[in-house]
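Only one structure is covered here, and it is reproduced in the block below.
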Amino acid sequence: FKAPSRDHPALYRDLLRTNRVHWIAEEPPAELVREKMMECHFRFRHQMALVPCVLTLNQDGSVWVTLVKPARAITPGQFAVFYKGDECLGSGKILRMGPSVYTMQQGKNRGESPKKEEIDKIEPAT
């Protein structure tokens with residue numbers, strides 16, 4: 001798929017899944033184990049700014065990463081690197097991604113329920 005522009009919504013995603021995360025401290029952070037979720041930051045390219053996210057720990061040691069705002073051009077095979085403050089927590093290879101912003105917008109447009117004015121126009125069954 002080739003997007004029509006660099007900023008096309010099809011290039012933006014806010015959900016991804018990694019393989020089993022390699023934690024620098026040998027195991028997932030205590031907060032993540034206890035709560036099954038944890039706020040932190042991540043990046044998937046060396047020079048990019050850190051992006052706030054929420055990690056959700058899966059049974060197999062992989063994580064779902066939910067971004068606070070969609071990021072551009074995330075690609076399977078890249079590594080997601082996680083940070084808490086200045087500390088690097090670990091990383092995991094990106095395996096899967098959630099739907100793009102474009103797909104989500106299409107779904108909203110298609111799947112919208114009828115508006116109240118449209119419902120009011122429908123004649124009641126007698």
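Structure above, values below:
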{"item": "Solvent-accessible area, 1.4 Å probe, carbon plus sulfur percent, for the range 7-102", "result": "54 percent"}
{"item": "Per residue solvent-accessible surface (Å²) - the range 1-97, probe of 1.4 Å", "result": "62 Å²"}
{"item": "Exposure rank, largest accessible area first [Trp64, Trp23; 1.4 Å]", "result": "Trp64, Trp23"}
{"item": "With DNA, RNA and ligands ignored, accessible area of Tyr102 (1.4 Å probe; Å², nearest 10)", "result": "90 Å²"}
{"item": "Whole-number D in µm² s⁻¹ for the range 1-44, Kirkwood Cα-pair radius fed into Stokes-Einstein, 37 °C, 0.692 mPa s", "result": "241 µm²/s"}
{"item": "Rounded accessible area of Thr75 (nearest 10 Å², 1.4 Å probe)", "result": "60 Å²"}
{"item": "Cα-centre dipole for the range 7-102 with unit charges at Cβ (Lys and Arg positive, Asp and Glu negative), debye to 20", "result": "380 debye"}
{"item": "Calculated over the range 7-102: convex hull of Cα atoms, volume per residue (Å³)", "result": "89 Å³"}
{"item": "Area accessible to solvent at Lys84, 1.4 Å probe radius, in Å²", "result": "80 Å²"}
{"item": "Counted charge near Asn19, where neighbours are those whose Cβ lies closer than 10 Å (Asp, Glu -1; Lys, Arg +1)", "result": "+3"}
{"item": "Heavy-atom accessible area ranking, 1.4 Å probe, most first, across Thr18, Thr56", "result": "Thr56, Thr18"}
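The values are calculated or read from the model by the stated rules, or taken from the named source; none is laboratory data. Here the structure is a predicted model, which is why all the values come from computation and not from measurement. Quick reminder, even Gly has a Cβ in these numbers, built from the backbone with ideal geometry, and neighbours come from all protein chains shown. Each accessible area value is taken on the protein alone, full model and side chains, heavy atoms only, with ligands, DNA and RNA left out. Shrake-Rupley method; radii C 1.70, N 1.55, O 1.52, S 1.80 Å.
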